[in-house]
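The values are calculated or read from the model by the stated rules, or taken from the named source; none is laboratory data. Owing to the predicted nature of the structure, the values given are computational and were not obtained by experimental measurement. Cβ sites come from the backbone with ideal geometry, for glycine too, and all protein chains shown count toward neighbours.
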Ligand SMILES: Nc1ncnc2c1ncn2[C@@H]1O[C@H](COP(=O)(O)OP(=O)(O)OP(=O)(O)O)[C@@H](O)[C@H]1O
Ligand SMILES: [Mg+2]
């Protein structure tokens, strides 16, 4: 090597060394931007979770009042025949009121009595009835029961009602306050786990309202969506990707699928209303129709992700299969589809997650109505979790605030379970290489 | 030796000197009248496959031009030529793999045991069971070693029961010289083998359906010299039972494994002949330029 080239090499080395520092700095900066972005994202998620859970966990608890109820024979079954119809139809409300009056014998005036009875939830009598129906031998005896308090008592106990504001601005007047305080002093008031929130349907009375109806509605709707959109979407993707000849028609179809994926979801709701309800005459508010509408909405997503998954399967696998004499269908079923399945499942879960959170198109087909019964079939009227959240959020009662957050927690749990199932399935498929 | 050539103008047709064409015609067997510009003898006495005036177009692109060639039984024929000259395309005509390419159009006639394989009645699935293929890059299925071999017999219904299938798997692996290496891990993924083992697995997979012809497209180009040597030995052994067509860029390999060699140039079959004749005494100038490395 000559002097000159050596010198040139040296200066190049120096230049590289000088630049190196700058490069490392840039790299460090870039990395810190990335970390900052991730941290910010996590912070928001943590904040979201904190605010929802801190507001919502109380929805799983409810104030109960301990009372001694006497199953008076003359009130339940005056003629002593224990006929089921008589037991069923007896006036249990009177027993509950009797129990309350025993606690507060000094209250006699009609208006005051009505207020006193209002301390307990309307559901108290159903608890008493259930006890009697479960064992008619209880008639004639006494029993201590924890009965659900009314929602405004619950709000007071949970600290959402300020005792210090003037009486006429409070939903609980001083006399009621006195009663509650007396019950509390006697250790008759307790905040306990409230299974009804998970097992009950919607109700106008906040303390009785539960998410079960919305959960079942969401479940039914999503099952319909999954069982329609996944097979149809995968079949469409396989056909378009593996079998269809590239021509004008398939190009048009492809463009349209891409466009459909970007159509606002409420439009699918209108389409569903016009097609499924008005034209085919399917019932309103039904999970079946909701599922059909969400199928329309998720199909493009599933088709697009499934096609991407198929494209990602190396062509050498297809060649190997064809070279062995596999027919095109065999090549797809035996080799391509198993390899594409994890990707397709990812697409399906993205589509399902979106469908789970969707409310706008379901409003159009009437899944927004107040429905107290838990749906049992695909054609029963139902609502879904996000719509339930919306309904409760727009209800005036203070007690619906915690229920709104509680319902969001249930929605998130639903989502987590769904994602976990998808991750599990995906790893199962991946392990089969 | 570099095989890249500067792409010549595709419109320039190769001009074969008149005298040589006449010589080629003289060479052809008495009785068989094959119109071809190819120098040397395109026919053989005992042909398992024959290609006559095969043309392949990819859309506008004329990739294989008027190629006529016989594939002899129990022999290896090597296809050589610069990159892009249509070797792979021609090879893929022999088991109709070009059917999978939308733009490809094949004209001419190709027969297997006297039956035109491009005829409507010919079943592609059956054809590919009779004409197996080994690709440039080893492409085992992402399944177990056993499943890789068993796949062909299974879809073609060659084994009546599990014992027969086990038998086929073992003999195929043994023929491909892989049995000893993998017999204890038949349930391991085929993709977990080394490159050379994978390629032998692919060969075993191809012979598992007991084909008549095996097509190999640069089967050793991704392998090291030792793995290559093993495959070459294997090809030599397989010749006892199969007709083999091998595309290669490696002149020594062509010389080592093949009995006949065909030289392609810009889609035309320029010269074909006994391998030692082609390498020692090429008759066409283009062949000579290529094998002496005067290209690129
Ligand atoms: N699928 C295809 N579509 C369009 N043109 C193609 C296609 N496959 C090959 N060709 C063209 O056909 C010609 C012949 O290609 P081919 O693959 O047969 O060459 P080759 O001789 O095998 O080359 P190499 O030695 O590089 O493998 C090339 O010009 C190539 O560009
Ligand atoms: Mg090639």
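Structure above, values below:
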read-out: Odd one out for residue B:235, checked against (1) in contact with a strand residue (DSSP E or B) (Cβ under 9 Å, 6 or more places away or on another chain); (2) under 17 Å from residue B:140 (Cα atoms); (3) assigned to a helix (DSSP H, G or I); (4) more than 12 Å from every other protein chain (Cβ to nearest Cβ); value: (2)
read-out: Scan of region A:274-304 for residues that are within 18 Å of residue A:346 (Cβ to Cβ) and over 25 Å from the mean Cα position of the chain (by Cα), ordered by number; value: A:303, A:304
read-out: Of all residues making up region A:310-324, the number that are within 7 Å of chain B (Cβ to nearest Cβ) and either surrounded by fewer than 21 Cβ atoms within 10 Å (Cβ to Cβ) or on the phi > 0 side of the Ramachandran plot (or both); value: 3
read-out: Within region B:56-73, considering residues that are free of Cβ contacts under 8 Å to residues at least 40 places away in the same chain and part of a strand (DSSP E or B), the one nearest to residue B:269 (Cα to Cα); value: B:70
read-out: Within region B:106-128, considering residues that are farther than 20 Å from residue B:70 by Cα and surrounded by 14 or more Cβ atoms within 10 Å (Cβ to Cβ), the one farthest from the other protein chains (Cβ to nearest Cβ); value: B:124
read-out: Residue in region A:255-273 that is assigned to a helix (DSSP H, G or I), buried (at least 19 other Cβ atoms within 10 Å of the Cβ), under 30 Å from the mean Cα position of the chain (by Cα) and within 14 Å of chain B (Cβ to nearest Cβ) present; value: no
read-out: Selection status of residue A:277, part of a helix (DSSP H, G or I), away from chain B (no Cβ under 14 Å) and under 28 Å from residue A:244 (Cβ atoms); value: no
read-out: Selection status of residue A:160, within 21 Å of residue A:402 (Cβ to Cβ), surrounded by fewer than 17 Cβ atoms within 10 Å (Cβ to Cβ) and in contact (Cβ under 8 Å) with a residue 40 or more places away in the chain; value: yes
read-out: Test: residue in region B:152-171 that is within 14 Å of residue A:322 (Cα to Cα), more than 16 Å from ligand 2 (Cβ to nearest atom) and buried (at least 23 other Cβ atoms within 10 Å of the Cβ); value: yes
read-out: Which listed residue, of A:342, A:287, A:338, is within 14 Å of chain B (Cβ to nearest Cβ) and within 30 Å of residue A:362 (Cα to Cα); value: A:342
read-out: Test for residue B:85: is it without any contact (Cβ under 8 Å) to a residue 60 or more places away in the chain, surrounded by 24 or more Cβ atoms within 10 Å (Cβ to Cβ) and within 15 Å of ligand 2 (Cβ to nearest atom); value: no
read-out: The one condition in (1) within 16 Å of ligand 2 (Cβ to nearest atom); (2) within 14 Å of chain A (Cβ to nearest Cβ); (3) not in a loop (DSSP other than H, G, I, E, B) that residue B:95 fails to fulfil; value: (3)
read-out: All positions within region B:74-91 that are away from ligand 1 (no atom under 14 Å from the Cβ) and outside any strand (DSSP E or B); value: B:74, B:75
read-out: Selection count, region B:248-260, where residues are surrounded by 24 or more Cβ atoms within 10 Å (Cβ to Cβ) and within 16 Å of ligand 2 (Cβ to nearest atom); value: 2
read-out: Criterion (at pLDDT 90 or above, more than 16 Å from ligand 2 (Cβ to nearest atom) and buried (at least 22 other Cβ atoms within 10 Å of the Cβ)) met by exactly one of B:231, B:244; value: B:244
read-out: Residue match in region A:117-134 (condition: over 20 Å from residue A:191 (Cβ atoms), in a helix (DSSP H, G or I) and without any contact (Cβ under 8 Å) to a residue 12 or more places away in the chain); value: yes
read-out: Qualifying residues in region B:129-162 (those that are assigned to a loop (DSSP other than H, G, I, E, B) and within 7 Å of another protein chain (Cβ to nearest Cβ)) - the one nearest to the chain's Cα centre (by Cα); value: B:135
read-out: Qualifying residue in region B:102-118 (condition: farther than 30 Å from residue B:287 by Cα, within 21 Å of the chain's Cα centre (by Cα), more than 16 Å from ligand 2 (Cβ to nearest atom) and part of a helix (DSSP H, G or I)); value: no
read-out: Criterion: within 15 Å of ligand 1 (Cβ to nearest atom) and in contact (Cβ under 8 Å) with a residue 60 or more places away in the chain - qualifying residue of B:112, B:94; value: B:94
read-out: Any hit, region A:378-389, residues being within 22 Å of residue A:305 (Cβ to Cβ) and either more than 14 Å from chain B (Cβ to nearest Cβ) or crowded, with 16+ Cβ neighbours inside 10 Å (or both); value: no
read-out: All strands (runs of 3 or more DSSP E) inside region B:239-296 with 2 or more residues being under 22 Å from residue B:35 (Cα atoms); value: B:260-265, B:268-274
read-out: Identity of the residue in region B:187-220, more than 14 Å from chain A (Cβ to nearest Cβ) and assigned to a loop (DSSP other than H, G, I, E, B), that ends up surrounded by the fewest Cβ atoms within 10 Å (Cβ to Cβ); value: B:194
read-out: Filter result for residue B:52 (within 16 Å of ligand 2 (Cβ to nearest atom) and either part of a strand (DSSP E or B) or under 15 Å from the mean Cα position of the chain (by Cα) (or both)); value: no
read-out: Residue count for region B:278-294, restricted to those that are within 21 Å of the chain's Cα centre (by Cα) and crowded, with 22+ Cβ neighbours inside 10 Å; value: 3
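Results for (1) out of contact with any helix residue (DSSP H, G or I) (no Cβ under 7 Å at 6 or more places or on another chain); (2) within 30 Å of residue A:308 (Cβ to Cβ); (3) in the same structural domain as residue A:152 (by TED's automatic domain parsing); (4) free of Cβ contacts under 8 Å to residues at least 40 places away in the same chain, shown as yes or no for each residue.
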{"residue": "A:172", "(1), (2), (3), (4)": "no, no, yes, yes"}
{"residue": "A:185", "(1), (2), (3), (4)": "yes, no, yes, yes"}
{"residue": "A:199", "(1), (2), (3), (4)": "no, no, no, yes"}
{"residue": "A:226", "(1), (2), (3), (4)": "no, yes, no, no"}
